[in-house]
Amino acid sequence: MKRHTLQLSSFLFLLTITFASSLVVSLHAGLPEDFASANANLASGHADKALSTYKTLLTYPEFKTSGSAEIWYNRGLAEMQTSDAVAASLSFRRALLLDPSLAPARIELSKTLGLLGIPVPTGWRERTMQSIHPETMIVTGAVIGWIGALLLVVLLFQSSRRKGLIILSLLLILFGHGASVMGTLVDPRRTARNSAVITAKTAPTLRATPADSATESGTVEPGTLISILSRNGAWWYVSTGSGPGALQGWIPSNAATPLLSSSKGSS
Amino acid sequence: MKPFRNISRTAVTLLLLTEALVSARLNAADVSVSSGLSRAQISQGEMAELQIKVSGAQQADVPQQIQADGLQIRLTGQSTQVQMVNFKVSSSVVYSYIVMPLRTGSFIIPGASITADGRQFRTPELSFKVDDAKAQPVDPYAGSPQSAQGIQPPGIPMPGFQQQRARPLQQRPDEGRFVFGEINCPKKTLFAGEMTPVEIRYYFDARYPVQVRGRLDFGCEGILVERFPDPKQTREDRDGITYNVLTFHSLLSAVKPGSLDVAPAKLDCEIEMPGALPPGFDDPVFRQLMGGQAGVSQQKQVTVKTSVLHLEVLPLPKEGRPESFAGAVGQFDIDSIVSNPHPAAGDPANLVVKIGGRGNFKGMGAPVLTHAEGWRSYPPSDKFDSSDELSYTGVKSFDFTLIAQQPQTESPGCEFSYFDPTTAKYVTLTSKPLPLVASPGGASPAVVGDTGAAALSPTLVPSPGQNPNKNVPPKEGQPLSGINLRSWTTPMQRSEFLIATLAMLIATAALAGILAYWKIQSQGGTLASRRRKHIAELRSLLTGGTIDAGSFYEAALDYAELVLPASDKRDALISGLTERRDLLKYGSGGSLPLPTIEHRKLLESLDLTTTKAL
């Protein structure tokens, strides 16, 4: 029986390790020389050159399905130095989308939004993300939850059932999977697919219908984060938030840039 | 007929409601915004009132403050009016701001962005002048043409209102009135900005039913009145008449110095009063028939008014006015805390300054930070927790966000000044810097160590395995080095997570299967295998011939029941075996060995049948 227990423990250990490793997609891609030279250019005040290199870097194949918060942050700095606060706000938002706990990006985004006269989001989601990365919460929670599930199965088939251990395993399941769900709820990437930032130089007009001659219902300041509620050709039906002061209306799609774009590097 | 009548009534009601709703909806679309100043010119030490009226909406998103150089303009309250005449609904909201000059000169109050009914509006710019001299009498609406267009909310007199003010009307019961109003303000002399309680009482003769129509209308130019909570209803005898009394409590404050006659507080109501009988019915017999009552009643629309309230408003003294004074009048105390005394490097610290006491919390500006060298601060957010219905007492919290520009071991201090109307003096409260540990984004542990703060700040030392970008961020504005690839989607949206979850489900099921198999094996196998084993044991016992006759028959019976298929032959065999077993068991010879012949015959009979069965 001892031999069986040892085999079972090894099996569970391997299983959870396999599960955890399958979820980890972050990998260090090395430090491309272009990135280092762009950083050097930015540090020495050649923001234009640095910005051009960052844009080129983001077209590399490894950035098609993944992103680097560091590159987007540095690109935002370069855009700030070239006085393009609107583009910088998008870059800092993308950096925070990839790594919500990146403090420098949060500070720079606050400064940029302050320049643009846009309120900085300060909800419970933001506070949670500052203390723990949602990805860590989701993966760790799932691993703990599955350890609890496996432990519960083992305990249920034992001849002498220990109530304390069964309760512990149930708590592990609840806590682990609960943390996983919580992490998903606070993860900004969950809803980023339908989010965009106004990148037009002048505030676009919200219209009642998707037509240039339609009734105006207000304007949206450049740099504002919007939710895309519907798409109709070259027009998007957007909302500026969910509160009582939120505006809704149609804007031309070229007035905003999606937070997640199929061509993230080029935008 | 009755059900038909009910249906008709319901249909008519629904029709009317629908029409009312449609009408309300149509009217709600006509939204307009206008603004006006109570006075275009004031003297230093006085305050003016700015009102923004949003017509056609019941709610609007307005700024809490309007930024104007040299002026402090803060939102103090709002009032909503909804009218429905012939199912045509019209509504308007008036937002009141107090305008306090910080210096003399001419000012332009910029337009404010208003969001109402999903649309954005901007009020026009207003010119405003503050003299150094004493306040001069000016036309209240000169220089503010917008007010003439439409803003006539409660608190600003309508054209022709002066005559009413000049001729105060107080209805007394001994004057033969059924209703009358009284106003009571314990403080007739007060400072500009000082809040004082006001009580308005309306007396209604208890003999006549009364219905109150509309809201209490009270206020005039130069005073701010807090929203009236629901009135209290009591009963009171006066001069031999019993009255139902409605009592309203609120607070008022004056914004400009000088003598002030506050217009009577008005309340519209409808009183059911006895009326004259028609000709021919005015005789004692008819009155007898009506139970002694007059018989005919009239609905009379009455506007009940109080007397004019005369106030003497003193200006706030210029002498001894501290620089940190920002309009607070009352009695206050100060307290401060740092909500996160150990922020991570580059992260902001939050200094919460709590101003408690009683006074004009709505017109109060933020405290001033002291010892703020090496800190970057942002305008604080504020929150007011009232401890009474009228928001006269409570605690107002100002939350300052502070970012360290150099290693810090103390928060900034705070200074808050207010004017105490009881002593007629300014008071300045200070809070000392509080201990904390904060460092700028670019600070390295070595740098912090030089200041001696490293020992207090474990968060500044990066732990192994953590992202170095978070623990030791670069100097502000410097690029980050190192690239970490991260997915644009959450784990739950990625196929690898779904596959891994599915694999874990299968693994859990497999584990459950393995454990179940082990458990069955440990208990001797399945039911069929246990049956086979038992039959083999019985066969061995029967053919061994070492047991006594009773046990043999017992085993033979078990064997026959387990092995033989259901048939008449089996039943006959079992019946014979049972009979013989019982004979041996309860008779004699059960413990003796079975005779060989009987043993062989029995085995043969069982063998014959068992061969087929097996």
- request: Just give me the residues in the stretch B:326-373 being within 14 Å of chain A (Cβ to nearest Cβ) and in a loop (DSSP other than H, G, I, E, B), in sequence order.
  value: B:Ser339, B:Asn340, B:His342, B:Pro343, B:Ala344, B:Ala345, B:Gly346, B:Asp347, B:Pro348
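Based on what the data block shows, is A:Gly249 part of a loop (DSSP other than H, G, I, E, B), surrounded by 13 or more Cβ atoms within 10 Å (Cβ to Cβ), under 27 Å from the mean Cα position of the chain (by Cα) and within 13 Å of another protein chain (Cβ to nearest Cβ)? Full working, then the answer.
Working: part of a loop (DSSP other than H, G, I, E, B): no; surrounded by 13 or more Cβ atoms within 10 Å (Cβ to Cβ): yes; under 27 Å from the mean Cα position of the chain (by Cα): yes; within 13 Å of another protein chain (Cβ to nearest Cβ): yes.
When the stated conditions are applied, A:Gly249 does not pass them.
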- line: Pairing a residue in the stretch A:98-114 that is more than 8 Å from chain B (Cβ to nearest Cβ) with any residue that is small (Gly, Ala, Ser) and assigned to a helix (DSSP H, G or I), where Cβ atoms lie under 6 Å and the two sit 6 or more apart in sequence or on different chains, gives A:Ala105/A:Ala95; A:Thr112/A:Ala85; A:Thr112/A:Ala88; A:Thr112/A:Ser89
message: Could you check the stretch B:214-243 and list, in sequence order, the residues that are surrounded by fewer than 18 Cβ atoms within 10 Å (Cβ to Cβ) and either over 26 Å from B:Glu194 (Cβ atoms) or not assigned by TED's automatic domain parsing to the domain that holds B:Ala265 (or both)?
response: B:Gly214, B:Gln233, B:Thr234, B:Arg235, B:Glu236, B:Asp237, B:Arg238, B:Asp239, B:Gly240, B:Ile241, B:Thr242
message: Need pairs with beta-carbon distance below 9 Å; first residue more than 7 Å from every other protein chain (Cβ to nearest Cβ) and within the stretch B:515-528, second in a helix (DSSP H, G or I) and of a type in the set (A, V, I, L, M); sequence gap 6+ or separate chains.
response: B:Thr526/B:Ile520
- request: Scan the stretch A:232-241 and give yes if some residue there is assigned to a strand (DSSP E or B), more than 26 Å from A:Gly123 (Cα to Cα) and among the β-branched types (Val, Ile, Thr), otherwise no.
  value: no
task: Determine if the stretch B:476-488 includes at least one residue that is assigned by TED's automatic domain parsing to the domain that holds B:Leu603, part of a loop (DSSP other than H, G, I, E, B) and either modelled with pLDDT under 80 or in contact with a strand residue (DSSP E or B) (Cβ under 7 Å, 6 or more places away or on another chain) (or both).
output: no
task: Can you tell me which residue within the stretch A:71-86, out of those that are surrounded by fewer than 24 Cβ atoms within 10 Å (Cβ to Cβ) and under 17 Å from A:Pro258 (Cα atoms), is farthest from the other protein chains (Cβ to nearest Cβ)?
output: A:Val86
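Which members of the stretch A:149-172 meet the condition of being away from chain B (no Cβ under 11 Å) and touching a residue at least 24 places away in the same chain (Cβ under 8 Å)? Let's see the steps before the verdict.
So the first thing to find is which residues in the stretch A:149-172 are away from chain B (no Cβ under 11 Å), and the list is A:160-172.
Within the stretch A:149-172, just A:Leu172 meets the criteria.
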- prompt: Where residues in the stretch B:284-314 are over 42 Å from the mean Cα position of the chain (by Cα) and in a loop (DSSP other than H, G, I, E, B), which of them is modelled with the highest pLDDT?
  reply: B:Val296
statement: Going through (1) modelled with pLDDT of 80 or more; (2) of a type outside the set (Gly, Ala, Ser); (3) closer than 27 Å to B:Asp347 by Cβ one by one, B:Arg494 fails only at (3)
query: Quick one: how many residues across the stretch A:180-221 are modelled with pLDDT of 90 or more and of a type in the set (D, E, K, R)?
result: 1
message: I need the full set of residues from the stretch B:357-389 which are farther than 20 Å from B:Leu224 by Cα and hydroxyl-bearing (Ser, Thr, Tyr), in order please.
response: B:Thr370, B:Ser377, B:Tyr378, B:Ser381, B:Ser387
- prompt: Which is assigned to a loop (DSSP other than H, G, I, E, B), farther than 30 Å from B:Ile66 by Cβ and at pLDDT below 85, of B:Gln152, B:Gln171, B:Gln136, B:Gln164?
  reply: B:Gln171
- prompt: For the stretch B:475-491, which residues satisfy the criterion of being buried (at least 17 other Cβ atoms within 10 Å of the Cβ) and not basic (Lys, Arg)?
  reply: B:Glu476, B:Pro479, B:Leu480, B:Ile483, B:Asn484, B:Leu485, B:Ser487, B:Trp488, B:Thr489, B:Thr490, B:Pro491
message: What's the total number of residues in the stretch A:33-70 that are within 10 Å of chain B (Cβ to nearest Cβ) and either small (Gly, Ala, Ser) or touching a Lys or Arg at 6+ places or on another chain (Cβ under 9 Å) (or both)?
response: 15
query: assigned to a helix (DSSP H, G or I) and surrounded by 15 or more Cβ atoms within 10 Å (Cβ to Cβ) - does that describe any residue in the stretch A:195-213?
result: no
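The values are calculated or read from the model by the stated rules, or taken from the named source; none is laboratory data. No experiment lies behind these values; they were computed from the predicted model shown. Cβ sites come from the backbone with ideal geometry, for glycine too, and all protein chains shown count toward neighbours.
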